[in-house]
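These notes are about the structure you will find just below.
The values are calculated or read from the model by the stated rules, or taken from the named source; none is laboratory data. Computed from a predicted structure; not experimentally measured. FYI the Cβ positions are ideal-geometry reconstructions off the backbone, even for glycines, and counts take in every protein chain you see. Remember, those area values only see protein heavy atoms, side chains included, never the ligands or the DNA or RNA. Shrake-Rupley method; radii C 1.70, N 1.55, O 1.52, S 1.80 Å.
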Amino acid sequence: MNPVSPPEPYAAATSTVSAFTCPNSALLPLTKIKSKTLSFGPTKISTNASSPISLSSVFSTLAHKNQNTKLKSLLPIRSSSSVGDISAVDAVPSKSPSVKSRLHNGETLYGIFLCSFCPTIAEIAGLAGYDFAVVDMEHGYGGISDALQCLRALAATQTPAILRLPESSATWAKKALDLGPQGVMFPMIDGPKSAKKAVSYCRYPPNGVRGAAHPIVRASGYGIDAGYLGNFEENLLIMCQVESVEAVEKIEEIAAVEGVDCIQMGPLDLSASMGYLWDPGNKKVREMIRAAETAILRPPNNKNGSSGGSGGDGRAYLSGFAMPFDTPRDLKARGYHMVSGAVDVGLFSNAAIENVKRFKMCLTGDGSDDEEEGEKDGDEKYWSE
């Protein structure tokens, strides 16, 4: 492998570094180091010139040695005309309030589902102003590595990301949580037992079964966030999807499980479980959904006056996906705390179909651009599970 020159800022280190020999490895040995001490401005790091140096450990050491702030990094580095005058700046911009804290404050949040796993689309969604974005690994086209790129794009716009898992399992939860989303959504939760398991997947022993790799994962800033272990449970939104007749019948028990923050209604799978796969808007399906909503939103009536959820008065929050027969305005009016009103794939599909249709009509002279302005395409209709 041909040697790769180090990025220019790092060449300012007083030790001469002529090459990185393993640019794609977690360990990047620095060769031909004349000194056993690397100097970055006022900060010095002792090294063993004969041993490989982990680039991430260099960043971490610099961050912890800086006394001005707890979270500092070499990236980005301010330009300087003086060799050796490399100043560290904040690695992470000031964060907006979390989804969970905004829910606690009584806000109604509006979001989008991302199924395309396209970082550019994720970035556009964030810039558009959505309060949150659900990166959907259940029905979307990507996995963990694809989701990571979307999380990075959303982070650049300070838009909270929620990861919907392909299935409710400890393995998927572990991999998703290590990426550092603000929330995780567990599909097909049918009762309090599966809800308790979902919560346990999100917590480290002895309170759960989550595997520990906190010193190196993105969720902890790759080990730089010293407060991660102390506050991640408080900041994480745990969402359980209710999408079957059995789950609706046990919805109060599910919502009462300690650690369950939010119940996500799944109208499509619910309609399928009732025998109305082709008719999610059926009156009986809507009645079932209303019954589930009432169970979540009514005041708690257990002995201590509070359920185990984290919503208002100790109850779980209620989240839903808008449908043609059930608009975002309708959901908000009925008391939903989180409303998802769009899917990236659906938005593009509808826009593309409408764009082509308008041009075809223009060619034939049938109609105008103003016709059918309020119509909804049939395929926009039903999606969310």
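For the range 175-240, go through all pairs of different Cα atoms, get the mean of 1/r, take its inverse, and jot down that Kirkwood value in Å.
12.3
Between Trp278 and Lys95, what length in nm is gained on full extension when 0.36 nm per residue of separation is reduced by their alpha carbon distance?
Separation in residues times 0.36 nm, less the Cα-Cα distance, equals 61.6 nm.
Karplus couplings for the range 330-343 from phi (6.51 cos²θ - 1.76 cosθ + 1.60, θ = phi - 60°), rounded to Hz, Gly and Pro as x?
Result, rounded to whole Hz: 5, 5, 4, 5, 8, x, 5, 8, 10, 10, 9, x, 7, 10.
Can you run phi through the Karplus equation (6.51, -1.76, 1.60; θ = phi - 60°) for the range 225-235 and list ³J(HN,Hα) in whole Hz, with x for Gly and Pro?
Calculated HN-Hα couplings, in order: 7, 5, x, 4, 4, x, 10, 5, 5, 5, 8 Hz.
Of the heavy-atom accessible surface of the range 166-214 (probe 1.4 angstrom), what whole percent is carbon and sulfur?
54
Between Asn207 and Arg286, take the C-beta separation as r, use R0 = 45 Å, and let me know the FRET efficiency to the nearest 0.05.
Values: r = 38 Å, r/R0 = 0.85.
Efficiency computed from Cβ-Cβ geometry: 0.70.
Got the relative contact order for the range 89-154 handy, in percent, Cα pairs under 8 Å and 6 or more residues apart?
Relative CO of the range 89-154 lands at 34 percent.
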